[in-house]
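S.K.: This structure is in structure tokens; I'll ask about it shortly.
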Amino acid sequence: MDSEELAGRLEADGWLLVDDAADADVAVVNTCGFVEAAKKDSVDALLEANDLKGHGRTQAVVAVGCMAERYGKELQDALPEADAVLGFDDYANITDRLQTILSGGHHAAHLPRDRRKLLPLTPVERQAAAADVALPGHGAPEDLPDGVAPASGPRTLRRRLDDSPVASVKLASGCDRRCSFCAIPAFRGSFISRRPSDVLHESQWLAEQNVREVVLVSENNTSYGKDLGDIRLLETLLSEIAAVEGIERVRVSYLQPAEMRPGLIDVMTGTPGVVPYFDLSFQHSAPAVLRRMRRFGNTDQFLDLLKTIRDKAPQAGARSNFIVGFPGETEEDFAELERFVTHAGLDAIGVFGYSDEDGTEAATFDGKLPEDVVSDRLARLSKLAEELTAQRAEQRIGDEVEVLVESVEDGLVEGRSAHQAPETDGLTTLTGAPDAVVGQFYRARVTGSEGVDLVAEAIEICRQAAAE
């Protein structure tokens, strides 16, 4: 969403957005600054964009996003191919920054700072202070210049960069948790919710753009509303978004197990239009490792949580990520994690080997495991996860599912069932639907599986595409 907000700001200021970077005067690369693979991809994208200079229109390459914010001047010094590195505080003046660079001027990269210190420590005091802090993805209708969007109806500071029937909506930004392995709070800041009216208006606007599924994202959706005086605000908002005409699915991502509450589970499993999908950030299940991670819970508590969910919605989707090889992790700890994963019945599992992250508490811990031990445990849990998620998909054979069509190409119809989140949890290939159109919903029966992917035979169209 940060990219689409930047695109919205630029378009509102009169910039013409082009599909091919070679046709652009300036290439703006939104970087990721969390895991090493994403950092490398970001650097590669900047270098690729730099190669365009001198071979077409492209005159400058600019880095924005989390990696740019996290490293600032350090990134600019290490990567002179980038003509500028812009942090979050530059976003409101993005046009001025780009014009300066294109005219041959120089914009000095910022020195990174701990963004948690920009907002009050007490959550309920943050909303009043938020107007003076750059919060990417929190663009509100009043930030739009007059004349660039309808004066009535839903207005949003956003420009869609694709025509997918699925779109994410930022619910909040930042995080108040202090997980010892995570650097995100330092460069994204303290947790702050978007106003419910802004989230709802953006969802209405997306519905007008033929979006059928809205995915609510933030670093921790279970905390939504705590700075607005109502920790149960998400339960109310979910029902309101689900009632938006044209939005057929609402999906919630990034949930903290320790913050799950019965009322939220009830709404997510019992509200028409809200899919029973639980993206739960377990990270591990051995109590000793979780304590060192500055997290809470254990195997049995997590299994009880999943049982509570499935007692209410047997077909509910569930996914999680896990870190293996954390400092001090013993073979017994790892075996406990294997026990949890074996019994959890997760639909999708991400496994990562521990590595030090700049500025995190865990980077200072004793008990670092040898690389070969981390690699071995990563391979073992990844293999187990692959087997278990394939079994979980196979267990769905015979189930009736509702498939949102997302791609129709050369007779191949692909989409996602309710338990499959975009980009992470596999696909459903739809058979017996020769006239399928992107954006349609089909009722279908699962006839096969391959890994986490499903094959389902169409029974009937249950909702037409928005454009029809």
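S.K.: Would you be able to say whether some residue in the stretch 224-241 is buried (at least 20 other Cβ atoms within 10 Å of the Cβ), over 19 Å from residue 313 (Cα atoms) and hydroxyl-bearing (Ser, Thr, Tyr)?
M.R.: Yes - at least one qualifying residue is present in the stretch 224-241.
S.K.: Would it be correct to say that residue 108 is free of Cβ contacts under 8 Å to residues at least 40 places away in the same chain, open to solvent by less than 70 Å² (accessible area, probe 1.4 Å), assigned to a loop (DSSP other than H, G, I, E, B) and not polar (S, T, N, Q)?
M.R.: yes
S.K.: Something else about it: Show the residue pairs meeting these rules: Cβ distance below 7 Å; 6+ apart or different chains; first residue within the stretch 121-141 and part of a loop (DSSP other than H, G, I, E, B); second residue open to solvent by 30 Å² or more (accessible area, probe 1.4 Å) and at pLDDT 90 or above.
M.R.: Partner pairs satisfying both residue conditions: 133/118; 134/89; 134/92.
S.K.: Using the structure shown, decide if residue 439 is touching a residue at least 40 places away in the same chain (Cβ under 8 Å), open to solvent by less than 50 Å² (accessible area, probe 1.4 Å), more than 22 Å from residue 274 (Cα to Cα) and part of a loop (DSSP other than H, G, I, E, B).
M.R.: Considered against the rule, which asks whether it is touching a residue at least 40 places away in the same chain (Cβ under 8 Å), open to solvent by less than 50 Å² (accessible area, probe 1.4 Å), more than 22 Å from residue 274 (Cα to Cα) and part of a loop (DSSP other than H, G, I, E, B), residue 439 comes out as no.
A quick yes/no check of all residues on (1) assigned to a loop (DSSP other than H, G, I, E, B); (2) of a type outside the set (Phe, Trp, Tyr); (3) more than 15 Å from the chain's Cα centre (by Cα):
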| residue | (1), (2), (3) |
| --- | --- |
| 210 | yes, yes, yes |
| 215 | no, yes, no |
| 219 | yes, yes, no |
| 227 | no, yes, yes |
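S.K.: Working only within the stretch 12-39, note down all residues that are in a loop (DSSP other than H, G, I, E, B), closer than 16 Å to residue 82 by Cβ and in contact with a helix residue (DSSP H, G or I) (Cβ under 8 Å, 6 or more places away or on another chain).
M.R.: 25, 32, 33
S.K.: Do we have residue 379 as modelled with pLDDT under 95 and not in a strand (DSSP E or B) here?
M.R.: It is false that residue 379 is modelled with pLDDT under 95 and not in a strand (DSSP E or B).
S.K.: Looking at (1) over 27 Å from residue 208 (Cα atoms); (2) open to solvent by less than 30 Å² (accessible area, probe 1.4 Å); (3) out of contact with any helix residue (DSSP H, G or I) (no Cβ under 7 Å at 6 or more places or on another chain), find the lone condition where residue 286 falls short.
M.R.: Exception for residue 286: condition (3).
S.K.: While we're on this one: I'd like the residue in the stretch 155-198 that is open to solvent by less than 20 Å² (accessible area, probe 1.4 Å) and polar (S, T, N, Q) and, out of all such residues, is nearest to the chain's Cα centre (by Cα).
M.R.: Going through the qualifying residues, I end up with 173.
S.K.: Cβ contacts < 7 Å: first residue within 22 Å of residue 187 (Cα to Cα), restricted to the stretch 30-55; second residue part of a helix (DSSP H, G or I) and of a type in the set (Lys, Arg), any location; separation 6+ or different chain. Result?
M.R.: 32/39; 33/39; 33/70
S.K.: Is it the case that the stretch 33-49 has a residue that's surrounded by fewer than 21 Cβ atoms within 10 Å (Cβ to Cβ), under 23 Å from residue 11 (Cβ atoms) and at pLDDT below 90?
M.R.: yes
S.K.: The conditions are (1) among the charged types (D, E, K, R); (2) within 20 Å of the chain's Cα centre (by Cα); (3) open to solvent by 20 Å² or more (accessible area, probe 1.4 Å), and residue 11 fails exactly one of them. Which is it?
M.R.: Condition (2) is where residue 11 drops out.
S.K.: Can you find, within the stretch 350-383, the residue that is most open to solvent (accessible area, probe 1.4 Å) among those that are under 29 Å from residue 310 (Cβ atoms) and out of contact with any helix residue (DSSP H, G or I) (no Cβ under 9 Å at 6 or more places or on another chain)? Let's see the steps before the verdict.
M.R.: Of the stretch 350-383, the ones under 29 Å from residue 310 (Cβ atoms) are 350-352, 377-378, 380-383.
Next, only the ones that are out of contact with any helix residue (DSSP H, G or I) (no Cβ under 9 Å at 6 or more places or on another chain) stay: 378, 382-383.
Working: 378: 55, 382: 44, 383: 123 Å².
Of everything passing the filter in the stretch 350-383, 383 is most open to solvent (accessible area, probe 1.4 Å).
S.K.: For the stretch 410-417, indicate whether the set of residues that are under 22 Å from residue 216 (Cβ atoms), in contact with a Leu (Cβ under 6 Å, 6 or more places away or on another chain) and either in a loop (DSSP other than H, G, I, E, B) or open to solvent by less than 40 Å² (accessible area, probe 1.4 Å) (or both) is non-empty.
M.R.: Yes, some residue in the stretch 410-417 is under 22 Å from residue 216 (Cβ atoms), in contact with a Leu (Cβ under 6 Å, 6 or more places away or on another chain) and either in a loop (DSSP other than H, G, I, E, B) or open to solvent by less than 40 Å² (accessible area, probe 1.4 Å) (or both).
For every residue, the table says whether it meets (1) out of contact with any Leu (no Cβ under 9 Å at 6 or more places or on another chain); (2) within 21 Å of residue 3 (Cβ to Cβ); (3) aliphatic (A, V, I, L, M); (4) at pLDDT 90 or above.
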position	(1), (2), (3), (4)
77	yes, no, no, yes
89	yes, yes, no, yes
97	no, yes, no, yes
102	yes, yes, yes, yes
109	no, yes, yes, yes
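S.K.: Is there any pair linking a residue in the stretch 156-176 that is of a type in the set (Asp, Glu) to one that is part of a loop (DSSP other than H, G, I, E, B), with Cβ under 7 Å and at least six apart or on different chains, and which?
M.R.: Cβ pairs passing all conditions: 176/190; 176/191.
S.K.: Could you give every pair whose Cβ atoms fall below 7 Å, whose first residue belongs to the stretch 76-89 and is more than 19 Å from residue 134 (Cα to Cα) and among the polar types (S, T, N, Q), and whose second residue is open to solvent by less than 10 Å² (accessible area, probe 1.4 Å) and not in a helix (DSSP H, G or I), counting only separations of at least 6 or pairs across chains?
M.R.: Correct list of pairs: 76/82; 76/85.
S.K.: Ok, one more. Quick one: is residue 81 under 25 Å from the mean Cα position of the chain (by Cα) and of a type outside the set (Lys, Arg)?
M.R.: Judged against the criteria, residue 81 is not a match.
S.K.: Another question about this same structure. Looking at (1) among the acidic types (Asp, Glu); (2) surrounded by fewer than 21 Cβ atoms within 10 Å (Cβ to Cβ); (3) modelled with pLDDT of 95 or more; (4) within 26 Å of the chain's Cα centre (by Cα), which one does residue 347 not meet, given that it meets all the others?
M.R.: With respect to (1) among the acidic types (Asp, Glu); (2) surrounded by fewer than 21 Cβ atoms within 10 Å (Cβ to Cβ); (3) modelled with pLDDT of 95 or more; (4) within 26 Å of the chain's Cα centre (by Cα), residue 347 is out only on (2).
S.K.: Exactly one condition in (1) open to solvent by 70 Å² or more (accessible area, probe 1.4 Å); (2) in contact with a strand residue (DSSP E or B) (Cβ under 8 Å, 6 or more places away or on another chain) is not met by residue 455; state its number.
M.R.: (1)
The values are calculated or read from the model by the stated rules, or taken from the named source; none is laboratory data. Please read all numbers here as calculations on a predicted model, not as lab measurements. Cβ coordinates were reconstructed from backbone atoms using ideal geometry, including for glycine residues, and neighbour counts include every protein chain displayed. Each accessible area value is taken on the protein alone, full model and side chains, heavy atoms only, with ligands, DNA and RNA left out. Shrake-Rupley method; radii C 1.70, N 1.55, O 1.52, S 1.80 Å.
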